[in-house]
Amino acid sequence: MRSRANKLNTLLISQPHRVVYLSAWLSAQGYSSQLLQQYKTHHWLRSLGYGAWVRKGQSPRLLGAVYALQHQAKQHIYSVSYTHLTLPTTPYV
């Protein structure tokens, strides 16, 4: 049970708040679908639908989805327009 708690803690501190966790990325990091279901049962994560998770009690943000695509799926996604111009200089808020 201790290793599961460490694994959960590692997951929660590895990504910014309000980010979407992609199932494919979680699987590649060693989180089985059974373990994710346990996290869901114990109210640590909630499913956003097929292939996406978020921390329980948090609402995902557009930037959290973009972050997931850039850093988890390694996609080249860029924010342009007014949104981009109003972002702070930090990589993710």
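The numbers here are math on the coordinates, done by the rules we state, and not lab data. In this text the structure is predicted, and so the values were computed from the model without any measurement. Note that we place each Cβ from the backbone using ideal geometry, even for glycine, and neighbour counts take in every protein chain shown.
Couple of notes before you dig in:
- Averaging the sequence gap over all C-alpha pairs within less than 8 Å and six or more residues apart, then dividing by the number of residues, gives the range 4-80 a relative contact order of 35 percent.
- Among the trypsin sites (Lys or Arg not before Pro) within the range 1-70, those in coil by DSSP and having at most 14 neighbouring Cβ atoms inside 10 Å are Lys56.
- Across the range 1-50, the volume of the C-alpha convex hull divided among the residues equals 81 Å³ per residue.
- Candidate lysines for bridging to Lys56, where Cα separation is under 19 Å - those fewer than 8 sequence places away on the same chain excluded: Lys7, Lys40
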